[in-house]
1. Give me the net charge of ALA93's neighbourhood, meaning all other residues with Cβ under 15 Å from the Cβ of ALA93; Lys, Arg count +1, Asp, Glu -1.
2. Provide the gained length on full extension for the span ARG178 to PHE156, in nm with one decimal, where the gain is 0.36 nm per separating residue minus the Cα-Cα distance.
3. Where nothing but the Cβ of Lys and Arg (+1) and of Asp and Glu (-1) is charged, how large is the charge dipole of the chain around its Cα centre, in debye to the nearest 20?
4. Over the Cα atoms of the stretch 134-216, each weighted equally, I'd like the Debye log10 I(q)/I(0) at q = 0.12, 0.13 Å⁻¹, rounded to two decimals.
5. For a quick size check, give me the Cα extents of the chain along its three principal axes, largest first, whole Å.
6. Name the residue farthest towards the positive end of the dipole of the chain from the options THR143, ALA105, GLY49, assuming +1 on Cβ of Lys and Arg, -1 on Cβ of Asp and Glu, about the Cα centre.
7. Rounding to the nearest 20 debye, state how big the charge dipole of the stretch 38-79 is about its Cα centre with +1 on each Lys and Arg Cβ and -1 on each Asp and Glu Cβ.
8. I'd like to compare 182-188, 139-145: which one has the highest average count of other Cβ atoms within 10 Å, and what's the full order after that?
Amino acid sequence: MTVHHAAGIGYPRSAGGYERSRPSYPMAALARLADALPLEAGRRVVDLGAGTGKFTRLLALTGAEVTAVEPVAEMRERLAELLPGVAVTAGTAESTGLPDGCADAVVAAQSWHWFDAGRALPEVERLLRPGGALGLVWNTYDTTVPWVAEFQEIYFRCAPRDLPSPLDDGWRAAFTGRPGWSAEGESHFPNPHLTTVADVVERMMSSSHIVVLGEREQEEVRAQAVDLLRRQGVTRGEERLEMPYTTDVYWLRRRP
C-alpha cells in the first residue's frame, strides 16, 4: 500500500499521541452528516483513512454497519483495540479491497486531503450503491482567534512543500465537472476542545511532518509552541485550556 511519505513514516511513530491529543467532533456535526447521507440502522458505511477511529466511533453511534479502512498498521491496531465491534481492514482510499457496491455511504474524516483524488474518487464510485453518498469531515484550527492563527503558522512553518492540506479547498477540484455527482452541501460547527497545555503541545509534535524531523528541529518546534502558550498566560504543563477548532462537514450524492 502506498501513502504519502509524511503519513507513512510519521503516523506509525505517533499513533498513541495522535489518539490522545486530537479532538473529537461535535454531535451536531455527526447529526448533520447522518441526516444528509443518511446514516441509520440497516445502512452500510465505509470510513476511509480511519486512523485511530476518532470519527469511526461516532459513525457507529448512528446504528449503521461501519467498515474502517486504514493503511497504517499502528493506527489500525489502535482502532481495533478501541472499537472491537467495528470491522477494520488494511487498505487505502485508492485501493480498499472491498467489493463493488458494498456501501450506502463513504466517509473520510481528517483524511481526504491525503488521498490521490484522481484514483480515490473512482474507488468511492465503485464502492457506492446507486444513490449513495460521500461525506468529508475536517477539524481545523479556528484561526479567527489570533493566537490560534499563530499556532497554525508554527505548524506549517516546517512543512514540506508537498504536504497535503484541506485549507486550500483543493479537494473540490476532483469533483468539478465530474458527471454523476450532486453539488456539495456543507455545514460548519464550532468545536472548542477542552484540553491541557501538554496535549496541545503533543498535538503539534505528533503531526506527521513534525515527527519525521530531526531531534534539534523538533525541539525548536516544541519551544516555539510552548513559548506561544506561555505568552497566552498558560505556563504549567497540566493547566487546562480551551483550544478553538471548527468542524467542517461536506457531502455529495451519487445520482442514481
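1. Result for the neighbourhood of ALA93: -3.
2. 4.8 nm
3. It works out to roughly 360 debye.
4. Rounded to two decimals, the profile gives -0.51, -0.59.
5. Computed over the Cα atoms, the extents are 55, 38, 34 Å.
6. Of the candidates, ALA105 comes out farthest on the positive side.
7. For this selection, approximately 80 debye.
8. By packing density, highest mean first, the sequence is 139-145, 182-188.
The values are calculated or read from the model by the stated rules, or taken from the named source; none is laboratory data. In this text, all values refer to a predicted model and were calculated from it rather than measured experimentally. All Cβ positions, even for glycine, are placed from backbone atoms using ideal geometry, and neighbour counts span all protein chains on display. Heads up: the accessible areas ignore ligands, DNA and RNA and are worked out on the full protein's heavy atoms, side chains in. Shrake-Rupley method; radii C 1.70, N 1.55, O 1.52, S 1.80 Å.
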